[in-house]
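Input: a single structure, listed below in structure tokens.
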Amino acid sequence: MHSSESVTNMPLNEHEAVTQSVSTLIQSPDRPTVEPESPSTTLTVQPEIASAPADTYAWLSYFQQCSRLLIATIDPTTMTLHYANDYFCQLLGLTTTGAQGELGQVLQHLLNEADNGAIQRLYRRHLLHRVLQQFYHVDLQGSRLLDEPVMISLRSPLHPEPRYVEFWLRSDQLQLTRLNTQVDDAALSLQAMALPAIEAALADPMQCERLEQQLEYYQTEGWLLLEGLDVTEREIIRRITQLLIDRDSILRTHKFSELNQQLRSLFRAQNTLLLSIETDQVRLFMGSLSDEPHTTLYPLESLQESHFMHALRTNQVYAVADLAQDPRTDGGRQLLKMGVRSLLLIPLLAPSIGTGDQEGAALDPSAPLQAASPALKPPGAVGVVALLSDRPYTFDALDRRHAEQLIPAFTRSLTTAQRQLVQQRLITNIHPAVEWRFLQEAERRGMGLPPEPIAFTNVYPLYGISDIRGSSNERNLAIQADLLEQFHLALTVVDSACNAKATALGEQLRLDLLEHIRQMQEGVTVDAEVSRLRYLRDHLEIYFDYFAQCGETAIAAINAYHEACANDHECVYRARTHYDNMVNTINVLLRETWERWQEAMQRITPHYCDIEATDGIDHMLYAGASIDLKFGSFQLRSLRYEQLRAVCDCARTAFRLLEKHSTHMQVTHLVLVQDATVDIFHDETTERMFDVRGSRDTRYEIVKKRIDKAIDEQTNTRITQPGMLTLVFSTEEEWAEYQQYLRYLMREGWVDSQIDRGTVQPLQGVSGLKYARVRILPGDDDDLPLN
């Protein structure tokens, strides 16, 4: 452990009282030394001590044997222990008898490299203090240079985990001899410095460290007095508090695991359980020695009679001495089955917003429960932290006091974690361009404020679709092929059985199968995929056990039938698999092409983009100043033109794909133009991210849903054609703008120069639409957005 960041003094009466006596007992260099042949450390007592009353010796002996202070003497040249009091020896795992021979390098062996370095730095600071005082006559009586302790982590054989100890040094017994005056003065550069400048240098950590490194020209004699306090509990509480106030959620795996480890150490517990109360349910996190905490959801109502709710209602740290005597609920009995015998429960309550409740205000535990849902938990209830032990009567009053110190930090940390969970649920799969607004709303709700609608006003819609033409017919052909194959396999089974053992029923089954085959060869209806397979299951497969008794040929036919149906669909699915793979390949390549262009389009102006893939892909863009404050007319027109270029590139992707595969499917492309803005809002009750609001905006949604099947008013043909880009618009102003874009596309070689125009036959509820259509030209494989 590195040195503590805070300056800590030693106001303890015991510490101040005994240090004077012990310092007097320890020999200075001009006094007789400890006799090396003695099996234990022997101190030569000074005359003034020898003449002290007998009770003084009794108290000093009692102090030596019973004090909780850690006291030792250190040789400054080797940094090895030469004396340690009984408590220090016990902590080091040494016997007080013969400890002298065991001390030596034991401290270095029990400390890590960083902690050994910390003690060395503390020693150099004392050495600097003595140099300034003895050779430069600098009075540092008011300085706290030597008051700061070092915190080290000491491995003790008596404890399973390291102990945290704060150590101080006393250097009064050191005697210094200057080896080279001129070199030393040049190294320290203190001769020309006034006292305020020296004090300023000592207050600067970097300058102070520089001075401490320039002390090689001194010889030291005497002893250092090492004093320490075991502050393990205080340090663990500090570390737990630091973990809790960190921004990272305590519900994250690594954070909860580290917190669980510290809590187990502080409270001598086997595990930690955290209950997070979320509206009408409780999310339970159970720590463990594994990497992943166990998480379970329970209805809040199921915990009403539990020890956990008792702790919340009383708002007091509560110890369950023996859970076996009073499990109370099914949850308590479940903990018993897991080996839990005692609990320490830490209630976490925060002030309710808009009320005068004070954090920590006790509640009446005898108040009756209310049936209404809001009364299932005390006001401001955030959750409960539970320490679990496999032994009864584990937790005592000291554990309660430690727990009480952690309540504020735990409450704040769990409240923050719950707020982050709300944010995560609200912003899951949110487009980055609009995420900021969802984060704002999540922050509000995390603070307990009522929900506000998430809306973006006056945004421009840009809709386009690349549709796979002929996909429905291709799928029907695939269904027909699979069903015919399966019925022919079934016919083989029946023929094999009838040839071996003719029966009237078997002959009728064969005739039925032939009739089904004849009907399917003419074509299949929409319901054939389900109804024909149901016929086979209900009227043929139920007889397979009998057919298997009709000879080896029938058995082979049955095995062939089962093998052909051995897939997730449990039917012949060969042609449909080919169809599904083909459609999926087209969708994937179209989506990859569009997303490559999206990166460039987002650099023009951040905007919302949603992509859906079914038989082809369609995209919906919303852009405006309510999403991007820098949005203007140039960004709008740049985005519209880039949309057309992206759709043309999707068409070229489809050209290259269809050239490599034998299929009747082709891809058509359409862009719906609207110069008027719409208002969009997030409706949490639907799966869609955004809906439009208002009758004006609803018209645009109606057109979106019906335009891909629209036909020309004069020719009665589809306005979309394979390999062509179709623009649908309402006004001449819209056409003038997009006519300019088409001219740009022709210049870049994206489209042909011939433009077809026409009027869209009125759709249900919508009329007056016009269209323009242009052929997309094949291009190079490496066409990329310019942005």
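The values are calculated or read from the model by the stated rules, or taken from the named source; none is laboratory data. Nothing here was measured: the structure is a model prediction, and the numbers come from that model. Please note: Cβ atoms are built from the backbone with ideal geometry, for glycine as well, and neighbour counts cover all protein chains shown. These accessible areas exclude ligands, DNA and RNA; they are computed on the full protein's heavy atoms, side chains included. Shrake-Rupley method; radii C 1.70, N 1.55, O 1.52, S 1.80 Å.
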Notebook entry, point to check: Looking at Leu224, Leu229, Leu263, Leu251, which one is of a type outside the set (Phe, Trp, Tyr), touching a strand residue (DSSP E or B) at 6+ places or on another chain (Cβ under 9 Å), open to solvent by less than 10 Å² (accessible area, probe 1.4 Å) and under 25 Å from Glu404 (Cα atoms)?
Noted result: Leu263
Notebook entry, point to check: Looking at Arg591, is it open to solvent by 10 Å² or more (accessible area, probe 1.4 Å), within 21 Å of Met746 (Cα to Cα) and outside any loop (DSSP other than H, G, I, E, B)?
Noted result: no
Note to self: Could you check the range 133-155 and list, in sequence order, the residues that are of a type in the set (A, V, I, L, M, F, W, C), at pLDDT 80 or above and under 18 Å from Ala203 (Cα atoms)?
What the structure shows: Val150
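Yes/no per residue for (1) open to solvent by 20 Å² or more (accessible area, probe 1.4 Å); (2) modelled with pLDDT of 80 or more; (3) in a loop (DSSP other than H, G, I, E, B); (4) closer than 30 Å to Arg603 by Cα:
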{"site": "Arg412", "(1), (2), (3), (4)": "yes, yes, no, no"}
{"site": "Thr415", "(1), (2), (3), (4)": "yes, yes, no, no"}
{"site": "Gln423", "(1), (2), (3), (4)": "yes, no, no, yes"}
{"site": "Asn429", "(1), (2), (3), (4)": "yes, no, yes, yes"}
{"site": "Leu439", "(1), (2), (3), (4)": "yes, no, no, yes"}
{"site": "Ala442", "(1), (2), (3), (4)": "no, no, no, yes"}
{"site": "Phe456", "(1), (2), (3), (4)": "no, yes, no, yes"}
{"site": "Pro461", "(1), (2), (3), (4)": "no, yes, no, yes"}
Item checked: Lone unmet requirement of (1) in contact with a Phe, Trp or Tyr (Cβ under 9 Å, 6 or more places away or on another chain); (2) without any contact (Cβ under 8 Å) to a residue 24 or more places away in the chain for Thr717 -> (1)
Note to self: Among (1) of a type in the set (Asp, Glu); (2) open to solvent by 40 Å² or more (accessible area, probe 1.4 Å); (3) not in a helix (DSSP H, G or I), there is one condition Asp618 misses while meeting the rest; what is its number?
What the structure shows: (2)
Next item on the list: Go over the candidates Gln754, Gln714, Gln740 one by one and state the one that is under 20 Å from Gln674 (Cβ atoms) and either surrounded by fewer than 16 Cβ atoms within 10 Å (Cβ to Cβ) or β-branched (Val, Ile, Thr) (or both).
Entry: Gln740
Check: For Asp538, all conditions in the list (1) more than 30 Å from Asp610 (Cα to Cα); (2) open to solvent by less than 40 Å² (accessible area, probe 1.4 Å) hold save one; what is the number of the exception?
Finding: (2)
Next item on the list: Taking the residues in the range 541-563 that are open to solvent by less than 30 Å² (accessible area, probe 1.4 Å) and among the aromatic types (Phe, Trp, Tyr) as candidates, determine which candidate is farthest from Gln508 (Cα to Cα).
Entry: Tyr561
Item checked: Matching entry among Gln754, Gln740, Gln721 (being assigned to a helix (DSSP H, G or I) and modelled with pLDDT of 90 or more) -> Gln740
Check: Taking interchain pairs and intrachain pairs at least six residues apart, which have beta carbon atoms under 7 angstrom, with the first residue in the range 753-765 and touching a residue at least 24 places away in the same chain (Cβ under 8 Å) and the second polar (S, T, N, Q) and open to solvent by 60 Å² or more (accessible area, probe 1.4 Å)?
Finding: Gly758/Gln714
Check: Is one or more of the residues making up the range 465-485 surrounded by fewer than 12 Cβ atoms within 10 Å (Cβ to Cβ), over 35 Å from the mean Cα position of the chain (by Cα) and more than 30 Å from Val647 (Cα to Cα)?
Finding: no
Note to self: On the basis of being touching a Lys or Arg at 6+ places or on another chain (Cβ under 8 Å), open to solvent by 40 Å² or more (accessible area, probe 1.4 Å) and either among the hydrophobic types (A, V, I, L, M, F, W, C) or at pLDDT below 85 (or both), does Asp246 make the cut?
What the structure shows: yes
Next item on the list: Any chance you could count how many residues in the range 205-221 are outside any strand (DSSP E or B) and either under 20 Å from Leu70 (Cα atoms) or open to solvent by 20 Å² or more (accessible area, probe 1.4 Å) (or both)?
Entry: 9
